Every structure is written in C-alpha cells, then in structure tokens.
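Inspection log for the structure reproduced underneath, given as structure tokens.
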Amino acid sequence: MLRQRIITAAWLAPLALFGLFGLEGAGFGLFTAAIVLLGAWEWTNLAGVDAPARRLWPVAGLAVLIALCWFSGAAGATWLLWLGALGWLVNLYWVTGYPDRLAQWQSTGMRLAMGLWVLLPSWVGFNVLRESGAVWLLFVLLLVWGADIGAYFVGKAFGKRKLAPAVSPGKTREGVAGGLVITALLAIVFAVWQGLGLAAGLALLAATLVVTLASVLGDLLESMLKRHCGIKDSSRLLPGHGGVLDRIDSLTAAVPLFALLQGGVL
C-alpha cells in the first residue's frame, strides 16, 4: 500500500502543480473542470446512482453548466460563490445533525443537488483565485494542507474530545484547534510577505480562521456521505489514495469561501 501511494504521489503531485500554477485562462479552466467533473462522477455514486450509464447524465449536466459559466463570463460571478456559501450552511446543518436529519437529504435527488452547490462553486472559486493572482491560490492550498497536518499531529498527541463522532470518529476538537494555530501562523507569514497593512492583515487572519473551519466541514461532509453509503473511499481512481473527492473534499468548501472573502477584504 505504501509503495502504491508513493508511486501515485510521484506523478500526481507534479501534474497538479503544473495544472494549478503553470496554466492560465482557458487552460486552467479546463484543468480544474476536469478535476471537478471527476469528482462529480464519484459524487453520483455517493448520491446512490449505481448504473454507469445513469451516472454520466449528472456529470454531463455539470459539464454543460461549467461551459455556460465560462462562455457567459460567469466563471467569476459572485452570486455563484454566494450559492456555495449558502449551500455550505445547509451542509453544516446536516452534518451537525447526523444521523437525526438523515431523512432530509438521503434521497438521490437531494444528494445530487448537494453535489451541484458543492462542486460548481468550487470550480468558480478556483478560477476566481487564479485570476486574482497565483499567490492567493497558493495560500488557500497551503491553508488546507496546514489545517490537515496540524489537526493530525495535535489530534494524535492531545486529542480527547470527539468533534463529530457520528460522522468521523477520528477527528477531535483538539486537532481542529491545532489546525487553526497552523493556519493562523500561515496568515501572519503571508500578511508580512505581501506587505499588508494592519487592517488587511487582521482581515486575512479572520478570513483564514473561518475558511479553516470550512475546510474541516468539507472533510466531514464527504465522510458523512461515505458513512451513509458504507464505503471507505469515494473511488479507486488514485491507487493508494482513494478517489478525487478524497483529495479535494476540504478544498470544495475552502476555495469558494476564500474566493468570496478574498474579493471583499484583500
């Protein structure tokens, strides 16, 4: 398993870095659309669509919406980011109420709708951040990775109080606190690096803490869906690493929210 993880990471990491930072404009839009559509394919399984032929239709529908957004200039539309933000408030309500509120979202149609307000705004957010400069795209990626690393090591060393035991028994409140410390330090480093004033620096710090919590919610949402379906990974597309959604679940919440906040405060 470890050998397979290393082999996959060896080709996946350079490909991801080239796509995210080596491409611009239409090339970047297509690259991020490919990632989101692969995630959509996995989401259809989480939504309870079993037949491969039937799974193609929701993916094709999302592809059409992405194309319409691109050609209409709506790839940077703020309302789509607001759609994502409102959708994540609904997701928060469901995650914190699992399994008591299961009946509200367990239908296939509702889970597909959930995927729409998760995946489409995340594609928009990636493109908004890339257009505003690669530095902020880099920041949100480091934010998510830093939150994961901090949560893992602090949770492993000091974790006692479960965060959401019905959804993800391994996550602890202490781990989340560790992730918040790491991302707060990251925000300070970036504020100094970018020469932000005190007000803008504090705004970045506040946005960072909010987005860090959102990234945790993104992870919990996918965990909830997988628990409901009785599966460990969203797919086996990335040998040793699970599926695309397993790699981007936190980003689907963090990217559109940070793009929305970044446009307003920085």
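Only the coordinates and a few stated rules stand behind these numbers; no lab work does. All values reported here derive from a predicted model rather than from experimental measurement. Every residue, glycine among them, receives a Cβ derived from its backbone with ideal geometry; neighbour counts consider all protein chains shown.
With the gyration tensor restricted to C-alpha atoms of the range 1-141, the semi-axes of the equivalent ellipsoid amount to 26, 21, 16 Å, longest first. Neighbour counts of C-beta atoms inside 10 Å place Arg101, Arg55, Arg236, Arg130 in the sequence Arg236, Arg101, Arg55, Arg130, starting with the fewest.
Where only DSSP H runs of four or more residues are counted, the chain gives -27000 deg cm²/dmol as its mean residue ellipticity at 222 nm, each run worth -39500 (n - 2.57).
Plainly put, the range 2-265 has a radius of gyration that is 0.95 times its Kirkwood radius, both from alpha-carbon atoms, as the Rg/Rh ratio. Around the Cα centre of the range 222-263, unit charges on the Cβ atoms of Lys, Arg, Asp and Glu (plus for the first two, minus for the last two) sum to a dipole of about 140 debye.
Projecting the Cα atoms of Ala206, Thr183, Pro256 onto the charge dipole of the range 2-265 (Cβ charges, centred on the Cα centre) puts Thr183 farthest toward the positive pole.
For the pair Ala134 and Ala177, the difference between a 0.36 nm per residue extended length and the Cα-Cα distance amounts to 12.7 nm.
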